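First comes the structure, then the notes that go with it.
The values are calculated or read from the model by the stated rules, or taken from the named source; none is laboratory data. What you are looking at is a predicted structure, and each value in this text was computed from that prediction instead of being measured. With ideal geometry, Cβ positions are generated from the backbone for all residues, glycine too; neighbour counts draw on all protein chains shown. Accessible surface areas use protein heavy atoms only, side chains included; no ligands, DNA or RNA. Shrake-Rupley method; radii C 1.70, N 1.55, O 1.52, S 1.80 Å.
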Amino acid sequence: MNKVALVTGGSRGLGRNMSLALAKKGIDIVLTYNSNQEAANDVVAEIQSLGQKAFAFQLDTSNIRLFDGFFKRVTEHLQEQTGRSTFDYLVNNAGTALYALASDTTEEQMDNIFNIHYKGVFFLTQKALPFINDGGGIINISSGLTRIIMPGSSVYGSIKTAVESLTLYLAKELGARKIRVNVVAPGAIETDFGGGRTRDNKEINSHIAALTALGRVGLPEDIGGVVAFLCTPDAYWINGQRIEVSGGQSI
Ligand code: NDP
């Protein structure tokens, strides 16, 4: 029976690439999107053309009230389509950007980032636990910005740091079920994130490339394979780790 991975924010950017990379390893995919149903359906079709099962569900991961209903829908659908209501891997990837100096940050901006990048991740994981098979895994997506300090990312960077700490606690608590919990911290990647500024703003792009040992900004395909590897038996002894995938940014 194929393993199944649930990837939040699988419609675009890093989550899309992760979903495709996981599917190439023979893993079936449940992906979520927030508003881009068409993009999500395109990823589903691409995964199906690789010979894997794929299903897309709408979910605002910043709204924890939706999570019980979401898991009801997902597990019923999995039961129907695969004969099993459980899954093996959870990838907490969905998220939005915030660039604001500490002096200018509003309470609303902080609440938005907290809800999507921490509270949502915490409770989605909590609600997922009864449905994750023992021996499975959880991967939280953090950011290079927990190590690399850049003005304008105080809230985003420190909330991602909280997710890295949460990862260690979860790894400890879930060890008895042989569920591994790791964090992948990408450097700056060319996606739509933050209005696509890393990709589209030439000044920002070349500044980051110059700070990066491998001499360029990251691409989604630099990340997906690392997440997929963590969901294979070869990674069975990797647990409670922060794996930065940044091409050597600011080292
Ligand atoms: P994108 O903007 O390209 O994609 C964001 C994805 O998250 C989309 O699938 C989007 O769905 C989904 N999403 C956005 N808001 C919500 C919400 N409220 N509820 C559910 N889903 C939502 O971003 P990236 O792929 O670049 O970022 C993915 C993750 O990687 C984030 O956690 C980000 O913090 C992290 N990261 C990104 C870096 C970068 O430079 N790009 C660097 C380091 C970390 P929809 O298509 O429906 O809008």
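Looking at the structure I just gave you, is V121 open to solvent by less than 60 Å² (accessible area, probe 1.4 Å), more than 18 Å from G137 (Cα to Cα) and either part of a helix (DSSP H, G or I) or of a type outside the set (D, E) (or both)? Spelling it out, it is not the case that V121 is open to solvent by less than 60 Å² (accessible area, probe 1.4 Å), more than 18 Å from G137 (Cα to Cα) and either part of a helix (DSSP H, G or I) or of a type outside the set (D, E) (or both). Return the pair list, or none, for Cβ contacts closer than 7 Å from residues in region 83-109 that are among the aliphatic types (A, V, I, L, M) to residues that are open to solvent by 50 Å² or more (accessible area, probe 1.4 Å) and assigned to a strand (DSSP E or B), at least 6 apart or on different chains. Partner pairs satisfying both residue conditions: none exist. Taken over region 134-157, residues that are at positive phi and surrounded by 23 or more Cβ atoms within 10 Å (Cβ to Cβ) amount to 0.
Taken as a whole, the condition of being under 23 Å from K119 (Cα atoms), assigned to a strand (DSSP E or B) and under 19 Å from the mean Cα position of the chain (by Cα) does not apply to I159. Of all the criteria given as (1) touching a Ser or Thr at 6+ places or on another chain (Cβ under 8 Å); (2) open to solvent by less than 30 Å² (accessible area, probe 1.4 Å); (3) not acidic (D, E), the one not satisfied by A171 is (1). Tallying residues that are assigned to a helix (DSSP H, G or I), more than 11 Å from the ligand (Cβ to nearest atom) and either closer than 17 Å to I243 by Cβ or within 19 Å of the chain's Cα centre (by Cα) (or both) within region 206-221 yields 1. Within region 162-205, if we keep just the residues that are closer than 14 Å to N140 by Cα and assigned to a strand (DSSP E or B), the residue that is farthest from the ligand (Cβ to nearest atom) turns out to be R180. Selection of region 222-240 for residues being within 12 Å of the ligand (Cβ to nearest atom), touching a helix residue (DSSP H, G or I) at 6+ places or on another chain (Cβ under 6 Å) and in a helix (DSSP H, G or I) yields G224, V227.
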